[in-house]
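Undergrad: Sharing a structure here in structure tokens format.
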Amino acid sequence: MSAGDVKHDYHLVNPSPWPLVGSLAACVMAVGGVIAMKGLFGLPKGDLTVLIAGFAGVLLTMAGWWRDVTIEANQGDHTPVVSIGLRYGMIMFIASEVMFFVAWFWIFFEMALFNDVRTHSGIEEVRAAWATWPPKGVETVPAWNLPLLNTLILLLSGTTVTWAHHALQTGDRRGAKIGVLLTVILGAIFTAVQVYEYHHILQHKYFFGGEGAENSGLYGSAFFMATGFHGFHVLIGTLFLLVCLGRLMGKGFSPKQHFGFEAAAWYWHFVDVVWLFLFAFIYVVFGASGGH
């Protein structure tokens with residue numbers, strides 16, 4: 001409804017196809033991931049058709065849903081009461097994302113801190129597999145090379161997005177645009193560095209161990225799940241900020257009403273903090289040296 005039609009402080013959202021479309025697209029993308037890794041429904045391993053179709057559906061959902069929310073904001077539907085609800089919703093979303101990463105940290109810590117407990121097993125293979133952490137034969141990624149570079153990149157991006165937020169609050173739209181653009185560029189660089197790092201890991205078989213290194217796959221799985229999902233969140237955050245940049249270019253946002261950008265900044269700071277924990281514990285503390 002338009003601003004003139006609002007008779008109360010709440011906004012009743014019109015029926016939207018995006019929750020259903022997004023759910024179906026996410027399901028298709030998950031099935032596509034299984035096909036790409038293992039093969040399914042007669043499709044061979046490595047076939048990316050279904051995965052790409054699902055990912056395209058997710059991107060369509062993001063574009064359509066963000067467009068609708070932007071239209072609502074421009075029509076004045078985001079009253080102070082609605083804005084409070086949006087903030088609570090974003091806080092709860094980030095809290096759920098925190099718990100998502102807690103799961104990956106939990107399994108990594110459980111294996112790294114209590115591997116010696118499993119050496120009390122009566123099975124020789126189990127004792128040998130858990131004798132060291134990282135497992136025997138695993139060559140870990142040097143923390144002070146590419147991971148350190150990505151840490152500096154994300155820390156710098158945190159300052160540029162904060163600069164952009166401050167500039168927007170003070171009416172400096174040019175500064176806000178430059179700050180968001182720099183953050184997007186830094187996010188893209190982070191992703192490119194991580195892709196190169198993954199390529200290097202796989203090419204040199206860091207986590208593959210070898211003969212007598214039956215447990216090496218656990219380290220690789222934990223590493224890729226934790227850092228890989230973080231990389232995906234960086235990609236999503238970069239797209240989030242890219243949308244905000246488009247809105248800034250289109251004269252969207254104002255010093256007093258810009259929660260769309262504020263939510264993107266919150267999300268980006270969350271991504272920064274998670275990476276600091278990943279760098280400190282997975283790369284430095286528990287990955288300082290490979291098992292031998």
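The values are calculated or read from the model by the stated rules, or taken from the named source; none is laboratory data. From a predicted model like this one, the values you see are computed outputs, not experimental measurements. Because the Cβ atoms are built from the backbone with ideal geometry, glycine has one as well, and the counts that use them run over all protein chains shown. When the accessible area is computed, the model is the full protein with side chains, heavy atoms only, and any ligands, DNA or RNA have been set aside. Shrake-Rupley method; radii C 1.70, N 1.55, O 1.52, S 1.80 Å.
Undergrad: Based only on Cα atoms, what Rg/Rh ratio does the range 78-284 have, Rh being taken as Kirkwood's radius?
TA: Details: Rg = 20.7 Å, Rh = 19.0 Å.
Value, to two decimals: 1.09.
Undergrad: Run the dipole for the chain about the Cα centre, Lys and Arg Cβ at +1, Asp and Glu Cβ at -1, nothing else charged, and hand back the magnitude in debye, nearest 20.
TA: Approximately 660 debye in magnitude.
Undergrad: Kindly provide the helix-only [θ] at 222 nm of the chain, computed as the sum of -39,500 (n - 2.57) over DSSP H runs of four or more divided by all residues, to the nearest 500 deg cm²/dmol?
TA: After summing the helix terms and dividing by residue count, I get -23500 deg cm²/dmol.
Undergrad: Here's a follow-up. Which distance in Å, rounded to a whole number, links the C-alpha centroids of the range 90-113 and the range 25-45?
TA: 26
Undergrad: Hey, another quick one. For Cα pairs less than 8 Å apart in space and 6+ apart in sequence, what is the mean separation divided by the residue count of the chain, i.e. the relative contact order in percent?
TA: So the answer I get is 21 percent.
Undergrad: Determine ³J(HN,Hα), in whole Hz, for all residues of the range 239-252 in sequence, where each value follows from phi through the Karplus function 6.51 cos²θ - 1.76 cosθ + 1.60 and θ = phi - 60°; x replaces Gly and Pro.
TA: Per-residue couplings from phi come out as 5, 4, 5, 5, 4, 4, 5, x, 5, 5, 5, x, 6, x Hz.
Undergrad: Another one. According to the square roots a ≥ b ≥ c of the eigenvalues of the Cα gyration tensor, what is the shape class of the range 44-141, taking rounded for a/c under 1.5, prolate for a/b larger than b/c otherwise, and oblate for the remainder?
TA: Verdict is oblate for the range 44-141.
Undergrad: So, for the chain, what is the accessible surface per residue at a probe of 1.4 Å, expressed in square angstrom?
TA: Value returned for the chain: 54 Å² of accessible area per residue.
Undergrad: Sort the following peptides by mean Cβ neighbour count (other Cβ atoms within 10 Å, averaged over residues), highest first: 83-91, 256-264. Mind showing how you got there, number by number?
TA: Values: 83-91: 13.3, 256-264: 18.8.
With the highest mean Cβ count within 10 Å placed first, the list reads 256-264, 83-91.
Undergrad: Report the gain in length on full extension from R173 to H199: 0.36 nm times residue separation, minus Cα-Cα distance, nm rounded to one decimal.
TA: Fully extending the segment from R173 to H199 adds 5.4 nm.
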